[in-house]
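Some notes on the structure that comes next.
The values are calculated or read from the model by the stated rules, or taken from the named source; none is laboratory data. Because the structure is a prediction, the values reported are computed rather than measured. Here Cβ is always computed from backbone atoms with ideal geometry, including for glycine, and neighbour counts include all displayed protein chains.
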């Protein structure tokens, strides 16, 4: 087991497979496919991709972090068109999974351009039924899934040996209940609290698991999990040895560690425009 609020069960696999469905390893390497003769031929043979890229650039230029996202449907694109899109946008720092109560799972992967996301949906039988690009700070499905799987916070009787978990749970309950869109995030840092193993175990069981799991690989690894309580997120930072160096709960909007900011969209528009002009014009 690992230290921290989120603890993997014994013998459980602690990593997530976040490779989007059907993407060849070759196509994940940013613009490497485009730099080949095959990529050049695909660029000429796929007019829908050529037509879509300038529209994505324009969407990135106009997007703001708190605005509704803009979607570009790839569901009916051919395998070659999807390979070309994958080669053009690459794979960025943030990826993960979001599950809904009806068994639908969304695989989320940020592009090399922050604020541009590939989102793919599979049904309860594992069949892919939707595939699109989204320009947003964080895909809408991650926000919705985090809320759809929440339940009211019920605080039971504490077990023997706890120290400070009960007042902490009361604080979490009050903050989560009062938070509304636009309010600042409230952060609880466990390294600043005298919490023993019994406290952490009861806290984890009381909040419960959520349905959104994201990993950010920028500036050191960061793992962002929703919990079973509305607006409460576990955010953990790791060093190169995969040890937790900062363990927090954030009460509020989806954590900034997993989200694109306003300045990211402008930079991403510039980068994608360069790729579009170099390989598709």
With respect to residue 197, is the statement that it is exposed (fewer than 15 other Cβ atoms within 10 Å of the Cβ) and either out of contact with any helix residue (DSSP H, G or I) (no Cβ under 7 Å at 6 or more places or on another chain) or within 28 Å of residue 176 (Cα to Cα) (or both) true?
-> yes
Pick out the one residue from 205, 217, 230 that is touching a helix residue (DSSP H, G or I) at 6+ places or on another chain (Cβ under 8 Å), surrounded by fewer than 20 Cβ atoms within 10 Å (Cβ to Cβ) and outside the structural domain of residue 92 (by TED's automatic domain parsing).
-> 230
Is region 253-263 home to any residue that is more than 17 Å from the chain's Cα centre (by Cα), part of a strand (DSSP E or B), more than 30 Å from residue 40 (Cβ to Cβ) and modelled with pLDDT of 95 or more?
-> no
With criteria (1) in a loop (DSSP other than H, G, I, E, B); (2) free of Cβ contacts under 8 Å to residues at least 60 places away in the same chain; (3) out of contact with any strand residue (DSSP E or B) (no Cβ under 8 Å at 6 or more places or on another chain), residue 75 comes up short on (3)
Could you identify the single residue in 243, 263, 277 that is more than 22 Å from residue 142 (Cβ to Cβ) and either free of Cβ contacts under 8 Å to residues at least 12 places away in the same chain or assigned by TED's automatic domain parsing to the domain that holds residue 89 (or both)?
-> 277
Note: among 115, 96, 92, just one is farther than 27 Å from residue 181 by Cα and under 14 Å from the mean Cα position of the chain (by Cα), namely 92
Are any of the residues in region 122-131 in contact (Cβ under 8 Å) with a residue 12 or more places away in the chain, in a strand (DSSP E or B), surrounded by 23 or more Cβ atoms within 10 Å (Cβ to Cβ) and in contact with a helix residue (DSSP H, G or I) (Cβ under 8 Å, 6 or more places away or on another chain)?
-> no
Matching residues in region 141-172 (surrounded by fewer than 18 Cβ atoms within 10 Å (Cβ to Cβ) and closer than 30 Å to residue 105 by Cα) number 7
